[in-house]
Amino acid sequence: MNKNLKSCTLNPSATINEAINNLQKSGKKIIFVINKNKKLAGIITDGDIRRGLLAGLKLNSSINKILRKKFKYIKNDNQINVLDFMAKNEILHLPVLNKKMGLVGFYMLNQINRQKNIKNKLIILAGGRGERLKPLTNKTPKPMLMLKNKPILEHIIIHAKNS
């Protein structure tokens, strides 16, 4: 969860020009508008700004004219799979709110590191007589020969896991 909130927040009295500058500085592609009660009043994305300007709003227009008051969010005590929630709702930014509707953090889809479990079968061919490695294989099987303080088989397993 991203907790760098100050760089991407504005108050409701800001202008579209200030919102553009905020987006440029933060690089987050979203602005969280926080009201005087420190509650999240709404969100603004770069797309909201574009649509507002195309509709005839000016740079000195209030952000309230483009503020999105209906948005998806989660509570900070919610135990959900964030990535699945974001994918299901097709959202790139997910605010995290406390019980008083105050912003405590947010998730960005492009920053969520999702490890996929890929079910591949792995076969390690470790047979043979070890004739070419004699006398090293007289008492130790080839896969158990030490290489850099680890058995060769352990190197193979670590490499396969990382791949």
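The values are calculated or read from the model by the stated rules, or taken from the named source; none is laboratory data. Owing to the predicted nature of the structure, the values given are computational and were not obtained by experimental measurement. Cβ coordinates were reconstructed from backbone atoms using ideal geometry, including for glycine residues, and neighbour counts include every protein chain displayed. Heavy atoms of the whole protein, side chains included, go into the accessibility calculation; ligands, DNA and RNA do not. Shrake-Rupley method; radii C 1.70, N 1.55, O 1.52, S 1.80 Å.
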- [ ] State whether one or more residues within segment 59-69 are open to solvent by 30 Å² or more (accessible area, probe 1.4 Å), free of Cβ contacts under 8 Å to residues at least 12 places away in the same chain, farther than 19 Å from G102 by Cβ and of a type outside the set (A, V, I, L, M).
- [x] no
Flagged in segment 1-37 as in contact (Cβ under 8 Å) with a residue 24 or more places away in the chain, open to solvent by 60 Å² or more (accessible area, probe 1.4 Å) and more than 25 Å from the chain's Cα centre (by Cα), in numbering order, are N11, S13, N17, E18, K36
Does D77 meet the test of being over 19 Å from L5 (Cβ atoms), among the acidic types (D, E) and open to solvent by 60 Å² or more (accessible area, probe 1.4 Å)? no
Of those in segment 43-55 that are within 21 Å of the chain's Cα centre (by Cα) and not acidic (D, E), the residue surrounded by the fewest Cβ atoms within 10 Å (Cβ to Cβ) is G47
Expected output for segment 140-157 (first residue closer than 12 Å to A126 by Cβ, partner loosely packed, with under 14 Cβ neighbours inside 10 Å and of a type in the set (V, I, T), Cβ below 8 Å, 6+ apart or cross-chain) is P143/I124; L153/I124; I156/I124; I157/I124
Over segment 58-99, the set of residues over 15 Å from V33 (Cα atoms), out of contact with any helix residue (DSSP H, G or I) (no Cβ under 6 Å at 6 or more places or on another chain) and in a loop (DSSP other than H, G, I, E, B) is K58, N60, N76, D77, N78, Q79, I80, N81, E90, I91, N98, K99
Apart from one, (1) closer than 21 Å to K28 by Cα; (2) of a type in the set (D, E, K, R); (3) assigned to a helix (DSSP H, G or I) all hold for K161; the odd one out is (1)
